[in-house]
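A.B. asks: Here's a structure for you.
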Amino acid sequence: MIPAGRSATVAAMSPADDSKMRHPLRALLQATVFGAVLCAPPARADLVNENLLVAAPAGYEVGFRNKKKESSITEWVPADETVDNWTEMVTVQVFYDLKVPPEALMRDLEKRWRGACPGAGEAQTIADGVEHGYPARVWLLDCPRNPDSGKREITWFKAIEGNDSFYVVQKAFKFMPAKK
């Protein structure tokens, strides 16, 4: 369902702040706030239909960006890291003209995640419902030891089923984030 990308976050569908980010869900929460603009009229002439507007987290830089006819992806990493060598990553994907419920994406990613990571558990749903008129779901996937990196990888996902496109925001860690 999701095309493989060039980073570990997308290719393995396993793990995607700044080191000063205080809450691991900040990027997901920002997507919630910015998700409200999905139904708002465009503020810029180059924005058509619906748009997910997401600001880069403080202290992060774009590590990778690609736009194709069917999708786009942007990956942000802390300023002193790269998409090939990261400890935290925020990824935003847009799949144009894709209409699937967020639960379907979660189940697909869970299946792939568990297949790629021995010992991975089931997806943990954090929130599920409708936000600003759009079906949305937040969940967590945990890989105790990624075979490629040898490190733990934990990723929070937020998926939003828009009218025109499907949106996924991820916050990934290669360590256990503090509970705070």
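Throughout, read-outs are computed from the coordinates displayed, never taken from laboratory work. The shown structure was predicted, so the numbers you read here are calculated from the model rather than taken from an experiment. Quick reminder, even Gly has a Cβ in these numbers, built from the backbone with ideal geometry, and neighbours come from all protein chains shown.
A.B. asks: For the stretch 131-138, take each phi angle, set θ = phi - 60°, evaluate the Karplus expression 6.51 cos²θ - 1.76 cosθ + 1.60, and give the result in whole Hz per residue in order, putting x for glycine and proline.
C.D. replies: Whole-Hz 3J(HN,Hα) from phi for the stretch 131-138: 10, 6, x, 10, x, 9, 8, 10.
A.B. asks: Simple spin-label model, 7 Å along Cα-to-Cβ: LEU53 to VAL130 in nm?
C.D. replies: Using points 7 Å along Cα→Cβ, the separation is 2.4 nm.
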